[in-house]
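Rule-based calculations on the coordinates, nothing more; no lab input. What you are looking at is a predicted structure, and each value in this text was computed from that prediction instead of being measured. Using ideal geometry, Cβ is built from the backbone for each residue, glycine included, and neighbour counts are taken over all protein chains shown.
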Amino acid sequence: MKKELEVTVKVNCSYKELHKKLLDNGFSIKEEYEVNDVYMIDKNIDIKKLKKLEILSKCILVRDIVGYEKLLLYKYKKYDVNENIIEQGKVKCPILDIDNAIKFMESINYYTLFNINDICTVYANDDIELVVQRVNGKYIFIEMEDKAEFINRKFNSIKEMIKFINKYDIPFERDNYFVKKAEIILDETLK
């Protein structure tokens, strides 16, 4: 399983305002793409007896990175006592067809728990690369990973990543650097 470092924060303004702030901070758009995730879980798991993060740990995602890649995905996350992510990784299995993958998962007793539609815009400057994620038309997050695709930088620690993202005048909630978008959507689903 490939391990990685990641920081995710929740934005507290509109996308239009965020876009302007990022441009004012020397960022430019490098790439845009859409990700559709179907979170599926085994019907034999009684989700009423589990905490939200435990439920998510049992999910398999059917992921469509529109126009790029389709895959089955398992995400592994380890948390500290405050539910901050201290270790994470993922296992990917390429597939050819999303509908057939969902039918396959249903045939082995899985069902769709919820869906996430994620409009992603990659911004970068000379220092860092950020992915702005507009989720289900309702939330905006910024995700930062340890390895950048469009700049020559690799971060070695979460602290270093937090230091870099805090350098900029970007309107996000600074009390949580490990926002879990899937947990937010799961919470909505369970209500």
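Select from Ser57, Gly26, Gly67 the residue farthest towards the positive end of the dipole of the range 1-91; place +1 on Cβ of Lys and Arg, -1 on Cβ of Asp and Glu, and compute about the Cα centre.
Going by the Cα projections, it comes out as Ser57.
Rule-of-thumb check for the range 1-40: C-alpha Rg over 2.2 N^0.38 Å? Present the calculation step by step, with values, prior to reporting the outcome.
Working: Rg = 14.3 Å, N = 40, 2.2 N^0.38 = 8.9 Å.
So the range 1-40 has a normalised radius of gyration of 1.60.
Note the angle between two axes, namely the Cα long axis of helix 181-190 and the longest principal axis of the Cα atoms of the chain, as a number of degrees from 0 to 90, rounded to the nearest 10.
Orientation of helix 181-190: about 40 degrees from the principal axis.
Which of Lys20/Lys181; Lys10/Lys159; Lys51/Lys92; Lys103/Lys181 have a Cα-Cα distance over 21 Å?
Listed pairs above 21 Å: Lys20/Lys181; Lys51/Lys92; Lys103/Lys181.
Write down the radius of gyration of the range 123-185 and its Dmax, each obtained from C-alpha positions, in Å.
12.1, 33
Using only Cα atoms, locate the centre of the range 71-112 and the centre of the range 17-44, then give the distance between them in Å, rounded to an integer.
Centre-to-centre (Cα) distance: 19 Å.
Taking only C-alpha pairs under 8 Å that are 6+ residues apart, what is the relative contact order of the range 2-190 in percent?
33 percent.
Please list 92-105, 28-41 highest first by mean number of surrounding beta-carbon atoms within 10 Å per residue.
Going by the mean number of other Cβ atoms within 10 Å, highest first, we get 28-41, 92-105.
Rounded to two decimals, what is the ratio between the C-alpha radius of gyration of the chain and 2.2 N^0.38 Å?
Scaled against compact globular proteins, the figure is 1.05.
Take the Cα pairs of the range 64-166, get the Kirkwood Rh, then feed it into Stokes-Einstein at 4 °C and 1.567 mPa s and tell me D in µm²/s.
Using the Kirkwood radius from Cα pairs, D works out to 79 µm²/s.
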